[in-house]
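A short worksheet on the structure shown next.
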């Protein structure tokens, strides 16, 4: 499939999924789940592996819809949400203003501390703010003069931190559930924070099977890294050749339950 067609199918995906179902059929791998055309917020398996009072870290919380649900589900838990987009962060604060167990952090996570460029996604025509949810620290890949060849939008300076450093500074000694929606920088985040990663019980992450941006973490790399660091893939829903979502569980917990 051409890059142009793949881009079009990617941006039509949330609204017009049937148009690209043939090109990207739904798949599933793992032990608990089934193929589904809707690959968004497939987190129901996660709740089997967290305590009643979890520390939940969500990376890329956008406007706080997930955080709000998690805070209500776990009133005795603590939900920490990282969101670098200034516009989304303002809405996140508003959506979670009555939830005392939500901590919102207006910062990106990566492998260094300082300032980063957030490449705001306004689509291939640079005129659709609805696509800001898919903004990234990674630059767009552009091919030739094809107008559909890359994501367009402004680049804004945002604060950037390392998860290990932030946890130490804020006295977070473990994470029960790590939710990654980082638009391609998943490996940078995980590799730079080995100490807190040792404490995580379950990870739910977006997965990429196509190089949408420069340096986009590919699913195979992510799976190999997590397996080397004590996790087992539990469920992976994906659209072939495009994107998906996966749940990884600490291997010792996985083996205790399923072996």
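The values are calculated or read from the model by the stated rules, or taken from the named source; none is laboratory data. Quantities reported herein were computed from a predicted structural model and do not represent experimental measurements. Heads up, the Cβs are rebuilt from the backbone with ideal geometry, glycines too, and the neighbour counts pull from every protein chain shown.
Considering only the stretch 140-163, I want to know if a residue exists there that is closer than 22 Å to residue 226 by Cβ, part of a helix (DSSP H, G or I) and modelled with pLDDT of 95 or more. Yes: one or more hits. Here the stretch 70-94 is the region considered, the condition is being over 23 Å from residue 176 (Cα atoms) and touching a helix residue (DSSP H, G or I) at 6+ places or on another chain (Cβ under 9 Å), and the residue that is surrounded by the fewest Cβ atoms within 10 Å (Cβ to Cβ) is 87.
With respect to being under 20 Å from residue 136 (Cα atoms), free of Cβ contacts under 8 Å to residues at least 40 places away in the same chain and touching a strand residue (DSSP E or B) at 6+ places or on another chain (Cβ under 9 Å), residue 209 fits the description. Scan the stretch 213-230 and tell me whether some residue there is surrounded by fewer than 17 Cβ atoms within 10 Å (Cβ to Cβ), more than 20 Å from residue 108 (Cβ to Cβ), within 17 Å of the chain's Cα centre (by Cα) and at pLDDT below 95. No, because not a single residue in the stretch 213-230 is surrounded by fewer than 17 Cβ atoms within 10 Å (Cβ to Cβ), more than 20 Å from residue 108 (Cβ to Cβ), within 17 Å of the chain's Cα centre (by Cα) and at pLDDT below 95.
Would you mind telling me which numbered condition in (1) without any contact (Cβ under 8 Å) to a residue 24 or more places away in the chain; (2) within 20 Å of residue 217 (Cα to Cα); (3) not in a loop (DSSP other than H, G, I, E, B) residue 130 fails? The one condition residue 130 does not meet is (2).
When 203, 196, 189, 175 are checked against the criterion of being buried (at least 20 other Cβ atoms within 10 Å of the Cβ), at pLDDT 95 or above and part of a loop (DSSP other than H, G, I, E, B), a single residue qualifies: 175. From the list 67, 71, 34, the lone residue that is outside any strand (DSSP E or B), within 24 Å of residue 185 (Cβ to Cβ) and at pLDDT 90 or above is 67. Restricting attention to the stretch 212-223, the residues that are outside any strand (DSSP E or B) and either farther than 12 Å from residue 183 by Cα or in contact with a strand residue (DSSP E or B) (Cβ under 7 Å, 6 or more places away or on another chain) (or both) add up to 8. In the stretch 97-112, of all residues being part of a loop (DSSP other than H, G, I, E, B) and in contact with a helix residue (DSSP H, G or I) (Cβ under 6 Å, 6 or more places away or on another chain), the one that is surrounded by the fewest Cβ atoms within 10 Å (Cβ to Cβ) corresponds to 111. Take the residues of the stretch 9-31 that are surrounded by 14 or more Cβ atoms within 10 Å (Cβ to Cβ) and in contact with a helix residue (DSSP H, G or I) (Cβ under 8 Å, 6 or more places away or on another chain): which is modelled with the highest pLDDT? Of everything passing the filter in the stretch 9-31, 24 is modelled with the highest pLDDT.
Would you mind finding the one in 197, 239, 190, 226 that is free of Cβ contacts under 8 Å to residues at least 60 places away in the same chain and in contact with a strand residue (DSSP E or B) (Cβ under 7 Å, 6 or more places away or on another chain)? Spell out the reasoning first.
On the way: 197 fails: in contact with a strand residue (DSSP E or B) (Cβ under 7 Å, 6 or more places away or on another chain); 239 fails: free of Cβ contacts under 8 Å to residues at least 60 places away in the same chain; 190 fails: in contact with a strand residue (DSSP E or B) (Cβ under 7 Å, 6 or more places away or on another chain).
Being free of Cβ contacts under 8 Å to residues at least 60 places away in the same chain and in contact with a strand residue (DSSP E or B) (Cβ under 7 Å, 6 or more places away or on another chain) holds for just one of 197, 239, 190, 226, which is 226.
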